[in-house]
Every structure is written in structure tokens, then in C-alpha cells.
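The values are calculated or read from the model by the stated rules, or taken from the named source; none is laboratory data. From a predicted model like this one, the values you see are computed outputs, not experimental measurements. Here the Cβ positions follow ideal geometry from the backbone for every residue, glycine too, while neighbour counts run over all protein chains shown. Side chains are part of the model used for accessible areas, which takes the heavy atoms of the whole protein and leaves out ligands, DNA and RNA. Shrake-Rupley method; radii C 1.70, N 1.55, O 1.52, S 1.80 Å.
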Amino acid sequence: MTALDQVLQGLDKTTAWQEELYVQLHRNPELSMQETETAAEITRRLESFGYDVQQIGGGVVGILRNGEGPTALFRADIDALPVEETTGLPYASTKTMADRAGVTTPVMHACGHDMHITAGLGAAELLAGNKGLWAGTYVALFQPGEETAEGARSMVADGLVEKVGPIDIALGQHVLTDQAGHVGTHAGPMLSAAASVKVVLTGKGSHGSMPHLGVDPVVLAASIVTRLQGIVSRELSPNDFGVVTVGSLQAGTKANVIPGSATLLINVRAYDEGIKAKILASIERIVRAECQASNTPAEPTLEVYDEYPLTDNDPDQTAKVTAAFQAHFGADRVDAMDRVTASEDFSIIPDAFGVKYAYWGFGGFTPDQTPLPNHNPGFAPAMQPTLRTGTEAAVTAVLAYLGKDA
Ligand code: ZN
Ligand code: ZN
């Protein structure tokens, strides 16, 4: 029996408390960078397993030192979303909480981060309970604020690298709409780089009947929205991937008033930081030129926010993790994943440590379910075999680096 098989013999014991914890977390989601109770729960559990625990930048890091050997970090994100749950599950969230602007909003674990926490804690206990079967140092990292692209940066800014010390590899996973019981890996760019841009246009207000006395920001904004469609279709190579979406366009209050300003919120995705930069430069050029064409009385303002880096899996590390998955799960449960256009701030952590990383997906839906995408108010992954698979995947990947057979 391999060291991995021996460690995973403990799964039946962890599954009992994991299912209870999953229900508890799902009922008590917390918004990004406000995960106080979640972090306290994680801290309590890690301490009870014997980890050296630190709270860093709103997140929690548990370190387990186990003799000579490499250091592997496994990251789970812990935040929820301002979404009103419609799953109808017996443990559905009915929670509301005040966001950082003080506005009360429904909250839901609509991205499955409760699954990530529970699997991460299960792996933490299994590794702590089987120290004879591996060697080195295990770092269990629980990150806040993934949904707002703040959490990884917040932990790094709070001294993560200095407080943890050098590591050799970073690992992470996400529950997706694929089949429960399966894992999926992808070498190279796996999740897109993203950024959002807030554009404020200044026009000149007027009476709706006297457009010649104003500068109409509605016509200007409409022209910008149309023109932006040409970036991907006319400026990028057909071989390159990019998305430009205007998700919000706000101006005016009344039919007979030409407003003084308009605001656009634009979202950008790419699988290459250079292409992302090119798209952002094109947006700025088009916005400024259209303002000039409209003869606006002031320059527009452009503010880039919610910037996510590219998630670019190292091919060698991904091959190593994929081989470990195939040996454990069997090749028929390890899928070659397509690139996903969504984004993650995970890679900020390995980049800060200067190490390579492998990030993979695991399925959350049984064949009798119709999967709804992450962030949908009806997103309801099947508790099992999803939780078990996420826990097994975490332990399998970690032991590919730290296991006695590694
Ligand atoms: Zn999400
Ligand atoms: Zn997520």
C-alpha cells in the first residue's frame, strides 16, 4: 500500500465532521475581506490538529513542520458572494450582512469556497495524523477576498512571505460544474487575466429640447460602447483570446434632461498579460478620442480596478500532479480541462514566494443534476462525492511532493 493510500484510510473519520462543517459554513457565508467568523473557525480547527497558526492579512496560515524535506503550500479561498440563494437546499443560506459600504445584502457561498475550506481542513487533519508517512513542511493557507481580487495581495502585503519562510511549490483547486468525482488539469494558461475599468465621461447638461446648448454624454457613451466592440474583432489577432464587456452604463434621470455625465464599467479578459495591457490601452485611446469627437468640456477619467493576474500552470508541475491524480483516481476520473475564461488571484501567492504552481479543478455535479455555473444563485454542488474528491485531490497533490514515496 502506498503512503497516499495509508493516509487516505483516515477519510471515513474526517468525512463525518467535514459534512457537518460544510453545512455550517454554507449556512454562514461571509463577504470578501469580512470573513471574521470563518477565519476564527479555521484557526480553531488547525490548532486542534497541532498546526502552528498565524492570522495574516485577513487569512489564516497553519504550518506543520515534519523534519527534513521540501515545503508545499496548499491554498483554499474562503469568501462568499452578495447573492441571494435559491438552491432550496435544506442547508441553504438565509443570511444577510452589511457590506463594507454599510448596505445590508444577502450572502451565499455561490462559488463553492465552503467546499474549498472543508476539503483544505480535511487534508490538514489527514496530514497531521500521519506524520510517519511524509516528511518536510506543510503550509495550509486559507485566503480571504478572492472574489474582489484583494485577499492574496492583502496576505502578501501583511508579510506572508517573511512570516512563512521559503516554500518549494504552491497548489490550489476550485470546484467547477464538471462531473463530481472527477478532477481536471491544464498545463499553461488555465484561467484568464482580468481587469475592470471605471470610465466617467463629463458632458454638459441641457434641456432635452435644446441639445445644441449641451454636450450629450449619452450619445457619447453609446458611441464608445459600439466602438469598443472593435477592439477584439479588429485589433487582436484572430489567434488571440480577449473579452471586452461593458457591464454597466449609467446616465441621466429623465427623458427631457440631457445629463451632465455618464459612467461605464468595463470588464476585460485575456490569457496573456501583454494582450490585457493592449486591450486596456485601446480602451483608453477610444474613450479619449470619442470625448474629443464629442467636444466634451473636460477630459474623461479612467480607473483600473479588480485586477486579476493570469493563472499560468507550470507544465512540469502540472504533469507531476496529473500523474499523481491518474495513479490515485484512475485515468478515467482525470480530465484534460479546457482553459476557463474566469479569473483567480491565487497566482499572486506563488509569484510572491517566487515558486512554480499547479492549480486544478474538481467537479461538483452528479449526472442526475443540471449544473448551474458558479456565482448563479442556484449553484448547488452535490456534497458527496465532491467533498471527498476535493480532500483526496489536495492530499494526493501534496504527497506527490512530501510523501515517503515521492
Ligand atoms: Zn467566484
Ligand atoms: Zn471561486
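Among the conditions (1) more than 16 Å from ligand 1 (Cβ to nearest atom); (2) of a type in the set (A, V, I, L, M, F, W, C); (3) under 17 Å from the mean Cα position of the chain (by Cα), residue 387 misses just one, which is (3).
Being closer than 24 Å to residue 248 by Cβ and either touching a helix residue (DSSP H, G or I) at 6+ places or on another chain (Cβ under 6 Å) or open to solvent by 10 Å² or more (accessible area, probe 1.4 Å) (or both) is the requirement here; does residue 181 meet it? For residue 181, the condition - closer than 24 Å to residue 248 by Cβ and either touching a helix residue (DSSP H, G or I) at 6+ places or on another chain (Cβ under 6 Å) or open to solvent by 10 Å² or more (accessible area, probe 1.4 Å) (or both) - is not met.
Answer with yes or no whether residue 83 is open to solvent by less than 30 Å² (accessible area, probe 1.4 Å), away from ligand 1 (no atom under 16 Å from the Cβ) and not aromatic (Phe, Trp, Tyr). Walk me through how you get there before you give the answer.
Values: open to solvent by less than 30 Å² (accessible area, probe 1.4 Å): yes; away from ligand 1 (no atom under 16 Å from the Cβ): no; not aromatic (Phe, Trp, Tyr): yes.
No: the conditions fail for residue 83.
So that you can scan it fast, the table gives a plain yes or no per residue for (1) surrounded by fewer than 20 Cβ atoms within 10 Å (Cβ to Cβ); (2) within 16 Å of ligand 2 (Cβ to nearest atom):
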position: 349; (1), (2): no, yes
position: 354; (1), (2): yes, no
position: 369; (1), (2): yes, no
position: 377; (1), (2): yes, yes
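Residue-level analysis places residue 246 outside the set of residues that are assigned to a helix (DSSP H, G or I), closer than 23 Å to residue 201 by Cβ and open to solvent by less than 70 Å² (accessible area, probe 1.4 Å).
Could you tell me whether residue 177 is of a type in the set (Ser, Thr, Tyr) and within 16 Å of ligand 1 (Cβ to nearest atom)?
yes
Residues that are charged (D, E, K, R), within 12 Å of residue 50 (Cβ to Cβ) and touching a strand residue (DSSP E or B) at 6+ places or on another chain (Cβ under 7 Å) within region 123-147 comprise just one, 131. Are any of the residues in region 168-182 more than 21 Å from residue 373 (Cβ to Cβ) and of a type in the set (S, T, N, Q)? No: region 168-182 contains no residue that is more than 21 Å from residue 373 (Cβ to Cβ) and of a type in the set (S, T, N, Q). Of 75, 45, all but one fail to be under 30 Å from residue 356 (Cα atoms), among the charged types (D, E, K, R), out of contact with any strand residue (DSSP E or B) (no Cβ under 8 Å at 6 or more places or on another chain) and open to solvent by less than 60 Å² (accessible area, probe 1.4 Å); the exception is 45.
Just checking: which of the strands (runs of 3 or more DSSP E) contained wholly in region 262-358 hold 3 or more residues that are within 19 Å of residue 171 (Cβ to Cβ), away from ligand 1 (no atom under 16 Å from the Cβ) and at pLDDT 95 or above?
Where strands (runs of 3 or more DSSP E) fall fully within region 262-358 and carry at least 3 residues being within 19 Å of residue 171 (Cβ to Cβ), away from ligand 1 (no atom under 16 Å from the Cβ) and at pLDDT 95 or above, they are 334-336.
Per the listing 18, 54, the residue uniquely assigned to a helix (DSSP H, G or I), open to solvent by less than 60 Å² (accessible area, probe 1.4 Å) and either on the phi > 0 side of the Ramachandran plot or not basic (Lys, Arg) (or both) is 18. When region 57-72 is limited to residues that are open to solvent by less than 10 Å² (accessible area, probe 1.4 Å) and within 17 Å of the chain's Cα centre (by Cα), the one that is nearest to ligand 1 (Cβ to nearest atom) turns out to be 59.
Across region 160-173, a minimum of one residue is classified as in contact with a His (Cβ under 9 Å, 6 or more places away or on another chain), within 16 Å of ligand 2 (Cβ to nearest atom) and in contact (Cβ under 8 Å) with a residue 24 or more places away in the chain.
From the list 112, 145, the one residue that fits, being within 16 Å of ligand 1 (Cβ to nearest atom), within 17 Å of residue 37 (Cβ to Cβ) and within 13 Å of the chain's Cα centre (by Cα), is 145. Screening residue 342 on (1) more than 16 Å from ligand 2 (Cβ to nearest atom); (2) in the same structural domain as residue 364 (by TED's automatic domain parsing) shows it passes everything except condition (1). Tell me, please, whether a residue that is assigned to a helix (DSSP H, G or I), buried (at least 19 other Cβ atoms within 10 Å of the Cβ), in contact with a Phe, Trp or Tyr (Cβ under 6 Å, 6 or more places away or on another chain) and assigned by TED's automatic domain parsing to the domain that holds residue 398 can be found in region 27-34. There is no residue in region 27-34 that is assigned to a helix (DSSP H, G or I), buried (at least 19 other Cβ atoms within 10 Å of the Cβ), in contact with a Phe, Trp or Tyr (Cβ under 6 Å, 6 or more places away or on another chain) and assigned by TED's automatic domain parsing to the domain that holds residue 398. For region 74-88, check the following and say yes or no: at least one residue is over 17 Å from residue 107 (Cβ atoms) and acidic (Asp, Glu). Scanning region 74-88, I find no residue that is over 17 Å from residue 107 (Cβ atoms) and acidic (Asp, Glu), so the answer is no.
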